[in-house]
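*Asks:* Have a look at the structure that comes next, please.
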Amino acid sequence: MSISFFGFDTAVSGLTANQKALEVTGHNVANLATPGFSRQSAVMVSAATRRYGNWYVEMGTDVQQIRQIRHIFSDNIYRTEVNKLGYWESRSKAIVDLQSIFGEPIEEGFQVVLNNFWDSFQELSKAPESLTVRALVKQRADSLAQYLNRLGTQLNKLQADINNEIKVRIDEVNEITKKIAALNVKIMSAEAAGNLPNDYYDQRNELCDRLARLVKIETWETSDGSMDIIVGGYFLVSKGEQTDLIAVPNKDLSQFYTPMLKTRSGDIIPIDVGQGVIKGLLEARGEVSGAEDSYENGLPNTTSDITIAVDLSASNSANLDKIKAQISAFVNDIKNRGLDYNFRLVTFGGSAAVSSANYGKDTGSLISAVMALTADTVSGNNFGDVIDAVENYNYKEDVNKYLLVFTNESINGDTVTDEADIAEYAKRFTKSGITVSVATSSVYHYDGGSGEKGWNAITEKTGGSLYDITNETDVERLIIKMSSDINSDVNKKMTTIPDSLNIISTVRKQINALINIMAREVNYLHLSGKTLRGDDGGLFFEAIESTLPISIGNIKVSDALKDLNNIAASTEDANGDNRIALAIAGLRNKNLITGNNKVLSLDTYYQNIILEIGNKGYEAANMQSSYENLVNQADANRQSVMGVSLDEEMTNMIKFKYAYNANARVIEVVNDMLETIMYRMGAK
């Protein structure tokens with residue numbers, strides 16, 4: 001008789017299961033607009049069969065689990081695309097901000113104020129004695145300097161804002177990973193109790209989506225329900241433990257942050273965050289030193305360490321007299337070109353050993369030392385000793401190094417130097433970054449003694465030049481040519497910007513190179529001119545901070561020009577002489593810049609900068625738009641799996657309702673049957 005109630009138990013199990021399914025359906029509908037929610041479904045299975053004596057009885061249905069409908073593969077695709085979107089969004093925003101600062105070509109930007117400056121000198125050339133026109137020159141120059149200083153301030157602020165955002169984003173990464181670690185603990189506890197905490201899963205997955213936009217992540221779900229988060233090969237989250245990223249200065253004296261990993265032992269190590277918002281911000285700001293005197297961040301590198309190597313052999317005695325006669329002209333020309341110079345003197349050849357002395361900026365002592373040199377009675381030299389001397393100098397970091405050799409012999413004089421030794425010489429200079437130029441007889445330019453290679457084997461490898469001093473009648477012109485070549489090489493290195501993904505730091509390099517070259521060229525011409533009073537011209541532009549070179553944010557018109565008479569427009573003290581004014585006005589179209597295999601004028605170089613910014617902005621905007629489409633598509637694909645559909649949920653609700661009603665009807669029938677048996681049959 002005990003088995004007579006099994007039909008009742010079967011109906012009760014169906015009633016309970018469908019009631020739970022209706023609750024799950026209601027939960028789905030309630031979370032229709034909840035971000036990151038994944039729909040759930042009640043998985044029903046046949047209840048375990050029971051044995052009663054010789055009978056095997058089916059027990060109806062049972063809810064095996066409340067399953068979360070989600071596709072891990074779709075999540076991974078979404079996170080990959082959103083990571084790249086975050087990267088390009090950061091770059092695009094930085095370029096838009098950069099374009100708004102320059103305001104080209106719609107607003108009145110640098111090109112306009114620079115054109116006005118050139119035009120003012122053109123007007124001065126028409127009336128060089130006019131104080132009214134001179135006042136115009138001063139006003140236009142002040143406007144140019146003010147614009148450049150304002151531009152420098154705006155670029156500094158943009159970099160500082162991005163730098164602060166990097167720190168905020170790193171803190172956001174830590175906040176997210178701490179929440180994921182806390183959820184891991186809750187999920188592991190729930191699963192250990194035999195439950196499936198689907199809502200915790202949703203919260204964790206949404207945090208992973210946010211984290212994937214910031215940095216490139218790898219996720220691993222473990223058997224205990226926890227999720228490990230790996231960035232750059234390091235665990236940021238492992239079960240319930242979390243490791244912080246910290247923002248630290250990227251170099252000594254730098255104010256720029258970079259993400260580093262702080263291990264549990266307290267060590268701070270570099271970490272590659274991959275693409276994402278943080279990487280985009282790092283490149284937008286520039287992954288460079290943020291120190292005030294950082295060449296990486298755009299400070300013009302005008303440092304020139306110049307070593308003058310003089311052969312004291314008897315064969316070079318005539319050239320030595322020429323050098324003595326023009327050493328002052330060479331030194332003064334280097335000064336007038338505005339280079340941050342450091343002078344050294346090396347003597348070699350003859351019977352004496354190689355001597356070396358560093359004079360720094362003490363040009364007076366250098367000139368006196370050169371004037372005191374005397375030729376030896378013995379010929380011959382050992383150029384290898386010269387290389388040893390210059391290699392052992394204590395050069396400043398990133399300094400431009402030059403060696404000017406004055407000799408009237410082949411590389412090692414009477415000693416024949418084989419090709420292997422000459423190649424080794426060139427290799428040593430190249431490794432040390434020293435540009436070698438040689439002033440010697442044209443006989444030794446391409447051929448040395450006894451068929452050996454000439455000096456060109458060294459100068460060509462190091463980027464230097466050859467000069468013929470023995471047949472040169474105008475030695476001053478030759479010496480000035482040497483100074484000009486050093487100046488041109490400095491400009492070339494300054495304007496040749498290696499390919500880089502950095503945005504603002506690269507633009508700063510380009511603009512600072514342009515401004516520095518423009519100011520130094522104007523100063524060079526102005527120094528060679530005469531004022532209205534007949535005095536020698538002075539500097540036209542100066543650095544506000546004298547310890548740093550002229551650059552955006554660090555330029556002003558010389559205080560001496562408050563007296564308009566001190567503007568130099570002529571080459572001599574004569575009314576109507578306008579050659580300096582014309583020369584300065586002509587700088588507009590003069591090819592002064594050689595960089596990236598191009599020879600350009602100042603205006604053309606600036607136009608190339610604006611064109612490059614525009615191209616980068618166009619690329620970033622296109623890539624952002626493309627990845628937005630890919631992210632939307634990836635999200636749509638996964639929402640088609642995990643998203644809540646009202647139509648589907650309504651269908652399920654009707655299905656479960658009818659099943660619930662059917663089971664309720666079975667219970668009602670059984671109840672009626674039992675009532676009949678117990679009351680009517682029992683009453684008899």
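The values are calculated or read from the model by the stated rules, or taken from the named source; none is laboratory data. None of the values given here were measured: they were computed from a predicted structure. Cβ coordinates were reconstructed from backbone atoms using ideal geometry, including for glycine residues, and neighbour counts include every protein chain displayed. Keep in mind that these areas ignore ligands, DNA and RNA; they rest on the heavy atoms of the full protein, side chains included. Shrake-Rupley method; radii C 1.70, N 1.55, O 1.52, S 1.80 Å.
*Asks:* Looking only at the range 597-613, filter to residues that are open to solvent by less than 30 Å² (accessible area, probe 1.4 Å) and over 13 Å from E521 (Cα atoms); which one of those is nearest to the chain's Cα centre (by Cα)?
*Replies:* Only one residue fits best here, namely I613.
*Asks:* A follow-up question, please. Select the strands (runs of 3 or more DSSP E) contained entirely in the range 200-312, then report the ones holding at least 1 residues which are surrounded by 21 or more Cβ atoms within 10 Å (Cβ to Cβ).
*Replies:* In the range 200-312, the matching strands (runs of 3 or more DSSP E) lie at 227-231, 234-238, 245-249, 257-262, 303-311.
*Asks:* Right, another one. So, L158, is that one open to solvent by less than 10 Å² (accessible area, probe 1.4 Å), among the hydrophobic types (A, V, I, L, M, F, W, C) and assigned to a helix (DSSP H, G or I) or not?
*Replies:* So L158 fails the test.
*Asks:* May I ask you to verify whether G384 is more than 24 Å from T302 (Cα to Cα) and in a loop (DSSP other than H, G, I, E, B)?
*Replies:* no
*Asks:* Does Q111 fit the bill of being part of a helix (DSSP H, G or I) and farther than 30 Å from E165 by Cα?
*Replies:* yes
*Asks:* I'd like the residue in the range 646-684 that is surrounded by 15 or more Cβ atoms within 10 Å (Cβ to Cβ) and under 60 Å from the mean Cα position of the chain (by Cα) and, out of all such residues, is farthest from I77 (Cα to Cα).
*Replies:* F656
*Asks:* Name the one entry in T430, T462, T470, T440 that is under 24 Å from V331 (Cβ atoms) and within 38 Å of the chain's Cα centre (by Cα).
*Replies:* Going through T430, T462, T470, T440 in turn, just one is under 24 Å from V331 (Cβ atoms) and within 38 Å of the chain's Cα centre (by Cα): T462.
*Asks:* From the residues in the range 548-596 that are in a loop (DSSP other than H, G, I, E, B) and closer than 15 Å to D142 by Cα, which one is most open to solvent (accessible area, probe 1.4 Å)?
*Replies:* The selected residue is D563.
*Asks:* Give the residues of the range 590-607 that are without any contact (Cβ under 8 Å) to a residue 24 or more places away in the chain and touching a Lys or Arg at 6+ places or on another chain (Cβ under 8 Å), sorted by residue number.
*Replies:* S601
*Asks:* What pairs come up if the first residue lies in the range 27-51 and is small (G, A, S), the second is part of a strand (DSSP E or B) and open to solvent by 60 Å² or more (accessible area, probe 1.4 Å), and their beta carbons are under 7 Å apart, counting only those six or more places apart or on different chains?
*Replies:* Close Cβ pairs satisfying both conditions: S41/R67; A47/D62.
*Asks:* Could you please give the count of residues in the range 209-250 that are touching a helix residue (DSSP H, G or I) at 6+ places or on another chain (Cβ under 7 Å) and more than 28 Å from N297 (Cβ to Cβ)?
*Replies:* The qualifying residues number 17.
*Asks:* Here's a follow-up. For L539, indicate whether it is assigned to a loop (DSSP other than H, G, I, E, B), touching a Ser or Thr at 6+ places or on another chain (Cβ under 7 Å) and open to solvent by 40 Å² or more (accessible area, probe 1.4 Å).
*Replies:* Yes: the conditions hold for L539.
*Asks:* Let me ask another. Looking at L501, is it under 30 Å from N316 (Cα atoms) and surrounded by fewer than 21 Cβ atoms within 10 Å (Cβ to Cβ)?
*Replies:* Against the criterion (under 30 Å from N316 (Cα atoms) and surrounded by fewer than 21 Cβ atoms within 10 Å (Cβ to Cβ)), L501 does not qualify.
*Asks:* Return the residue satisfying two criteria in turn: it lies in the range 75-96 and is open to solvent by less than 20 Å² (accessible area, probe 1.4 Å) and of a type in the set (S, T, Y), and of such residues it is farthest from S41 (Cα to Cα).
*Replies:* Top of the filtered list is S92.
*Asks:* Then there's this: I need the full set of residues from the range 387-396 which are in a loop (DSSP other than H, G, I, E, B) and not charged (D, E, K, R), in order please.
*Replies:* Listed by number, the residues that qualify are N392, Y393, N394, Y395.
*Asks:* Every residue in the range 402-456 that is at positive phi and open to solvent by 70 Å² or more (accessible area, probe 1.4 Å), please.
*Replies:* Answer for the range 402-456, where residues must be at positive phi and open to solvent by 70 Å² or more (accessible area, probe 1.4 Å): S450, G451.
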